[in-house]
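The values are calculated or read from the model by the stated rules, or taken from the named source; none is laboratory data. What you see is a predicted model; the values in this text were computed from it and never measured. No Cβ is skipped: glycine too gets one built from the backbone with ideal geometry, and neighbour counts run over all protein chains shown.
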Amino acid sequence: MKRLIGLLLLAVVGCPSASAPEAEEAPTSVVSILGSDPPAGYERVTGVRPIHFPPDHGPHPRQQIEWWYTTANLDGEDGRRFGIEVTFFRFGLDALPRDEERESAWATRDLHMAHFAVTDVRGESFQAHERFSRGALGLAGAQGDPWRVWNESWSLEGTGGGERPFPLLLRADALDDAGRPCSLDLTLSSDRGPVLQGDRGFSRKGPEEGAASHYYSYPDLRISGSITLGAQSHSVTGTGWFDHEWSTSVLGETLDGWDWFALQFEDGSRLMVYELRRTDGGIAPYAAGTWIDPQGTVRPLRAEQLRTEVLDRWRSDASGIEYPSRWRLEVPSIDLTCEVIPVLADQELRLSTRYWEGAVDVRGTIGGAPAAGRGYVELVGYGEGGGE
């Protein structure tokens, strides 16, 4: 954690925000961030507790690490397809009390990082951007009612109050390597309430006490708006998935990373699966998932109910890291078998942290009937140890 704090401090000292470090600087290990010992005063997540909305849409300063995560597959009016990821992270630097007066208006107990990535399938291109800000002077922060998470001009903001904050407005803007604009302005809606992952929102990630998070999702977002790449703006519609998770040192000591799948089938069913990898290269018995049928009935899935097989691999020319690149997923209890295929092989985020996160296609069967869909996959910890 000290390495992360040092990196973030370098990013924000003397300026309100900053882009990612230079490419030759070694990236920070995500696994070391999430598995480190926290400073005194932060509370570990140790069991089920009630999750209330709207407060729990906002920040949880008693936990050190938190993220608000939006991914989506979008189609343009001209037939072009895009994938997007926008994530807001909060890293606690100093625990409670929060009401203590600070000597400087620039002083902060939290540092905020945000990632913004766009996959252009027809253009066979992927670009990722990063922003750092301190949680002071309104530069970055989060609140529950009205729901708002922001890092300067990047924001996720609810237009409704109380327990139903929809529609949400999602905005982000950046410049690509050639100085051309890359931005999005999207409206997110959902007719269904949040899905509490794991045991009523308590998601275990290892055998140690505190190797867990509180976790909920909106897996049924309807999205419309625009994406701008260079001189061209595209009107888009599609479906998305939102996750909010908070914890303190979420990963167990023997874990090396994870593979996370969020899949949306055309019949309205949804599947979330995460698999945790051990430092010895094996799979930990803390995999889990959630199945949501077309009527919205939620069914938690245990590790023994899930089967995954890597069918192909891809090696990044930029980082030298090899990632899984196609999978077979099976859930016998719901008679589901499918293949998951990236729309582009290179959807690696090479920022201050390095991981693969990208849009995928899904094809297979459910109950013996053909099934197809789209989704997103996240691969964390490869190149850092046993996942290499």
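When we screen ALA212, ALA288, ALA262 for residues that are under 18 Å from the mean Cα position of the chain (by Cα), buried (at least 21 other Cβ atoms within 10 Å of the Cβ) and at pLDDT 95 or above, the only hit is ALA262.
This table checks each residue for (1) assigned to a strand (DSSP E or B); (2) surrounded by 18 or more Cβ atoms within 10 Å (Cβ to Cβ); (3) small (Gly, Ala, Ser).
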residue	(1), (2), (3)
GLU157	yes, no, no
GLY161	no, no, yes
THR187	yes, no, no
ARG192	no, no, no
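Filtering segment 231-274 to residues that are among the charged types (D, E, K, R) and farther than 30 Å from GLY79 by Cβ leaves GLU245, GLU253, ASP256, ASP259.
The lone criterion from (1) surrounded by fewer than 21 Cβ atoms within 10 Å (Cβ to Cβ); (2) touching a helix residue (DSSP H, G or I) at 6+ places or on another chain (Cβ under 8 Å); (3) in a strand (DSSP E or B) left unmet by SER224 is number (2). The set of residues in segment 316-330 being assigned to a strand (DSSP E or B) and either surrounded by fewer than 13 Cβ atoms within 10 Å (Cβ to Cβ) or of a type in the set (Asp, Glu) (or both) consists of GLU322, GLU330. A count restricted to segment 176-185 and to residues that are at pLDDT 95 or above and in contact with a strand residue (DSSP E or B) (Cβ under 6 Å, 6 or more places away or on another chain) stands at 5.
Is there a residue in segment 137-144 that is closer than 18 Å to GLU245 by Cα, surrounded by fewer than 23 Cβ atoms within 10 Å (Cβ to Cβ) and polar (S, T, N, Q)? Looking through segment 137-144, at least one residue is closer than 18 Å to GLU245 by Cα, surrounded by fewer than 23 Cβ atoms within 10 Å (Cβ to Cβ) and polar (S, T, N, Q).
Just so you know, in segment 237-259 the residues that are crowded, with 24+ Cβ neighbours inside 10 Å and assigned to a loop (DSSP other than H, G, I, E, B) include one that is modelled with the lowest pLDDT, and it is VAL250. When GLU275, GLU330, GLU322 are checked against the criterion of being of a type in the set (D, E, K, R), in contact with a Cys (Cβ under 9 Å, 6 or more places away or on another chain) and touching a residue at least 24 places away in the same chain (Cβ under 8 Å), a single residue qualifies: GLU330. ARG299 passes every criterion in (1) closer than 17 Å to ALA212 by Cα; (2) in a strand (DSSP E or B); (3) among the charged types (D, E, K, R) apart from (1). Test THR353 against the stated conditions and say whether it is β-branched (Val, Ile, Thr) and surrounded by fewer than 18 Cβ atoms within 10 Å (Cβ to Cβ). When the stated conditions are applied, THR353 does not pass them. Applying the criterion of being within 29 Å of LEU93 (Cβ to Cβ) and not polar (S, T, N, Q) to the residues of segment 265-284, the residue that is farthest from the chain's Cα centre (by Cα) is ARG277. Can you pull out the residues in segment 41-89 that are among the charged types (D, E, K, R) and over 22 Å from SER153 (Cα atoms)? GLU43, ARG44, ARG49, ASP56, ARG62, ASP75, GLU77, ASP78, ARG80, ARG81 - these are the residues of segment 41-89 that are among the charged types (D, E, K, R) and over 22 Å from SER153 (Cα atoms). If I filter segment 107-136 down to residues being polar (S, T, N, Q) and surrounded by 20 or more Cβ atoms within 10 Å (Cβ to Cβ), which single residue comes out as nearest to the chain's Cα centre (by Cα)? Filtering segment 107-136 for residues that are polar (S, T, N, Q) and surrounded by 20 or more Cβ atoms within 10 Å (Cβ to Cβ), the one nearest to the chain's Cα centre (by Cα) comes out as THR119. One residue alone among ALA128, ALA114, ALA72, ALA142 is touching a Pro at 6+ places or on another chain (Cβ under 7 Å) and in a strand (DSSP E or B), and that residue is ALA142. When segment 283-304 is filtered for residues that are out of contact with any helix residue (DSSP H, G or I) (no Cβ under 7 Å at 6 or more places or on another chain), without any contact (Cβ under 8 Å) to a residue 60 or more places away in the chain and of a type outside the set (Asp, Glu), the ones remaining, listed by number, are ILE283, GLY289, PRO294, GLN295, THR297, ARG299, LEU301, ARG302, ALA303. All conditions but one from (1) crowded, with 16+ Cβ neighbours inside 10 Å; (2) more than 25 Å from ALA211 (Cα to Cα) apply to SER333; the one that does not is (1).
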